[in-house]
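The values are calculated or read from the model by the stated rules, or taken from the named source; none is laboratory data. What you see is a predicted model, and the numbers here were worked out from it, not measured in a lab. Please note: Cβ atoms are built from the backbone with ideal geometry, for glycine as well, and neighbour counts cover all protein chains shown. When the accessible area is computed, the model is the full protein with side chains, heavy atoms only, and any ligands, DNA or RNA have been set aside. Shrake-Rupley method; radii C 1.70, N 1.55, O 1.52, S 1.80 Å.
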Amino acid sequence: MTDGDQSLSRIEDVAEYWDQRYGARLWPSEPDTILVSLASELMAGTALDLGCGTGRNSVWLASMGWSVQGVDISQVGLSQASRISVDAGVTLSFLRADILEFEPEPGLYDLVVLANLHFPQSSAHELFARVQTAVAIGGHLFVIGRHSDSARTAEECALNRFYSEERLESLFPAMEVLEIGRVPGRGGYPSKDVDKVYLWARRSDS
Ligand SMILES: C[S@@+](CC[C@H](N)C(=O)[O-])C[C@H]1O[C@@H](n2cnc3c(N)ncnc32)[C@H](O)[C@@H]1O
């Protein structure tokens, strides 16, 4: 999936950009394979999927018994997510909201997912702080996104919105890092081979 939207400054423009992209073709409905392998080990609980898009991860989690809240700004994406959930025979909740403003209830979620969200570092600071407090004590956080090594254009480099192992490790100080890894994937627009990096972390009680 691309990341180009995150250089758009108005949320209406972000919504329109993604509405058009989701309207143009069918998006993959398979969940992220790393999330699947990591979250399959957990007992189902409450999950928050921020920037859930067309809901591939939300729907998979719901199919595993999780009670899921998906949040995204694209109405077209959320409509597709709803359809996919009906086809899969699962019930979950979707909310249209700007996640840079959204305030999840602190400590409510046993799992928070941030998949392929590439905000400029300057605008995402508070989001990342809220994300970790949304995780319940003992709960987990999964983050995956493009590796910063894959930034090729001047704009991609300037905004510093991709992730490195070091960045992921430092972004969530309340979390205990369980695993950080680098994997091949696809990203950008048009889509190309890029490395991704992921974080799997648990909220400790201190
Ligand atoms: C690259 S897609 C990732 C979708 C999904 N997480 C996945 O991995 O399949 C990025 C998503 O973030 C959403 N998004 C971007 N900025 C947002 C914002 N400020 N508030 C809510 N959603 C946003 C877009 O609408 C899009 O659905």
**Complete:** Here, GluC sites (Glu not before Pro) of the range 11-78 satisfying both criteria (DSSP loop; at most 11 other Cβ within 10 Å) are 41
**Request:** State, to one decimal in nm², a quarter of the convex hull surface area for the C-alpha atoms of the chain, i.e. the direction-averaged projected area.
**Result:** 10.2 nm²
**Complete:** To the nearest Å², the heavy-atom accessible area per residue of the range 38-99 with 1.4 Å probe amounts to 40 Å²
**Prompt:** Can you give the charge dipole size of the chain about its Cα centre, rounded to the nearest 20 debye, using +1 on the beta carbon of Lys and Arg and -1 on the beta carbon of Asp and Glu?
**Reply:** 400 debye
**Asked** For the range 1-126, which whole-number percentage of the solvent-accessible area (1.4 Å probe, protein heavy atoms only) is attributable to carbon and sulfur atoms?
**Response** 51 percent
**Message:** Ignoring everything except DSSP H segments at least 4 long, calculate the 222 nm mean residue ellipticity for the chain; use -39,500 (n - 2.57) per segment, divide by total residues, nearest 500.
**Reply:** -10000 deg cm²/dmol
**Residue among 70, 45, 139 with the largest mean-square fluctuation in a Gaussian network model of the chain, springs linking Cα atoms under 10 Å** = 45
**Prompt:** If you place +1 on the Cβ of every Lys and Arg and -1 on the Cβ of every Asp and Glu, how big does the dipole about the Cα centre of the range 1-112 come out, in debye to the nearest 20?
**Reply:** 380 debye
**Asked** Of all DSSP beta bridges located in the range 4-203, what percent are antiparallel, nearest 5?
**Response** 50 percent
